[in-house]
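For reference, the structure is listed below as structure tokens.
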Amino acid sequence: MSEITTRDTVILGSGCSGLTAAIYTGRANLKPLVLEGHEPGGQLSITTLVENFPGWPEGIQGPELIENIKKQAVKFGAELRMGHVHAVDLTKHPFELHVGKEVIHTRTLIIASGASARWLNLPSEQALIGHGVSSCATCDGFFFSGKEIAVIGGGDSAMEEALFLTRFATKVTLINRSENFRASKIMLERAMAHPQIEFLSNTVVEEVLGVDEKDVKGLRIKNRASGEESILPVSAMFLGIGHEPNARAFTGMLDLDEDGYIKTTNNVLTTKDGVIIPGVFACGDIQDRRYRQAITAAGSGCMAALEVEKYLEEHGR
Ligand code: NDP
């Protein structure tokens, strides 16, 4: 097992929050190491046009935005490396991070490993991500003005997405795999009362049509009770089946909520049994299930970086 010297700070994740933290800690001359994680660039790297990031009045493609932020981080001395942490020891100081066979020691840690949208994992769905298949209504809904679209899921996320998408779509079909809905009564009632939303229960998507055309042309769906298959002609499919926070390595080390998100106080301070863990900060979607926007992720990345600076200053670095 090889070891490297102790770092001032290591950032887990290379999405908007992690890279913003890298810009700030880089400019503070802390030479941050960014471990890029499973999805380099995070969720922005699979988004198309981003129109709500301040400073880009014409919008900017998600991958281009994240590439720019990355360049900015590297310019200030951030080191980016492929790899993800599979185990951590936060009881030791410096903290110990296990990355493959390597052990990395660091005085501070910024956890920005995000949350990944759940997908159906159909090959046709995966092929059409960014071409009519999306997991973010706020990001991509606008592109389907005047079109018919489908939303998958039966929880609050799906209801919220369906209601939001009625601003653009002429019709939204909400497809729930179960007979019953997991959504709260109020959200369900609101969606059911909406004249532009239709409901299909007990229904699963078998295939997204349009792979050859690189554009969603419809869905092949199946009623689970009758076994009957049909084609739903829609121009887009939005997934609203939940997110998975990428926090497994921190189970038992930090306080997580019932769905596995890292609990924070003051936005970015982490705790264990309710007590703050000095030097360990979390930012972005791994601690935010409420806003989940690029700009809020960037904002909390900045906060985490400022906390790192403060911590190191107070500890004589
Ligand atoms: P939930 O876990 O509540 O619901 C997930 C939904 O997706 C269920 O209907 C589930 O179906 C379905 N689903 C899961 N996997 C698949 C799959 N592979 N194929 C098809 N369907 C699938 O997640 P949400 O993201 O909706 O909500 C998470 C939490 O966030 C909840 O506590 C919710 O209340 C909260 N929230 C609150 C909001 C608000 O108040 N405005 C907005 C958004 C979320 P099944 O039931 O069959 O398992």
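At least 3 residues that are more than 9 Å from the ligand (Cβ to nearest atom) and over 22 Å from the mean Cα position of the chain (by Cα) in each: list the strands (runs of 3 or more DSSP E) lying fully within the range 134-203 that qualify.
Correct list: 171-175, 197-200.
Taking the criterion of being over 30 Å from Thr166 (Cβ atoms) and either among the β-branched types (Val, Ile, Thr) or modelled with pLDDT under 95 (or both), would at least one residue in the range 235-242 satisfy it?
Within the range 235-242, not a single residue is over 30 Å from Thr166 (Cβ atoms) and either among the β-branched types (Val, Ile, Thr) or modelled with pLDDT under 95 (or both).
I'd like the full set of residues that are among the polar types (S, T, N, Q), assigned to a helix (DSSP H, G or I) and surrounded by fewer than 24 Cβ atoms within 10 Å (Cβ to Cβ), limited to the range 284-317.
Within the range 284-317, Thr296 is the sole residue that qualifies.
Any residue in the range 213-226 that is under 30 Å from Phe281 (Cα atoms), surrounded by fewer than 16 Cβ atoms within 10 Å (Cβ to Cβ) and more than 11 Å from the ligand (Cβ to nearest atom)?
Looking through the range 213-226, none of the residues is under 30 Å from Phe281 (Cα atoms), surrounded by fewer than 16 Cβ atoms within 10 Å (Cβ to Cβ) and more than 11 Å from the ligand (Cβ to nearest atom).
Would you say Ile276 is within 16 Å of the ligand (Cβ to nearest atom) and more than 23 Å from the chain's Cα centre (by Cα)?
For Ile276, the condition - within 16 Å of the ligand (Cβ to nearest atom) and more than 23 Å from the chain's Cα centre (by Cα) - is not met.
Identify all residues within the range 44-66 that are surrounded by 16 or more Cβ atoms within 10 Å (Cβ to Cβ) and assigned to a helix (DSSP H, G or I); write none if there are none.
Of everything in the range 44-66, those that are surrounded by 16 or more Cβ atoms within 10 Å (Cβ to Cβ) and assigned to a helix (DSSP H, G or I) turn out to be Leu44, Ser45, Ile46, Gly62, Pro63, Leu65, Ile66.
Every residue, every condition in (1) surrounded by 18 or more Cβ atoms within 10 Å (Cβ to Cβ); (2) within 20 Å of Leu209 (Cα to Cα); (3) in contact (Cβ under 8 Å) with a residue 60 or more places away in the chain; (4) touching a Pro at 6+ places or on another chain (Cβ under 8 Å), yes or no:
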position	(1), (2), (3), (4)
Gly132	yes, yes, yes, no
Gly141	yes, yes, yes, no
Glu148	yes, yes, yes, yes
Gly153	yes, yes, yes, no
Val172	yes, yes, no, no
Asn176	yes, yes, no, no
Asn180	no, no, no, no
Met187	yes, no, no, no
Arg190	no, no, no, no
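The values are calculated or read from the model by the stated rules, or taken from the named source; none is laboratory data. Everything quoted here is computed from the prediction, not taken from an experiment. Cβ: placed from backbone, ideal geometry, glycine included. Neighbour counts: every protein chain shown.
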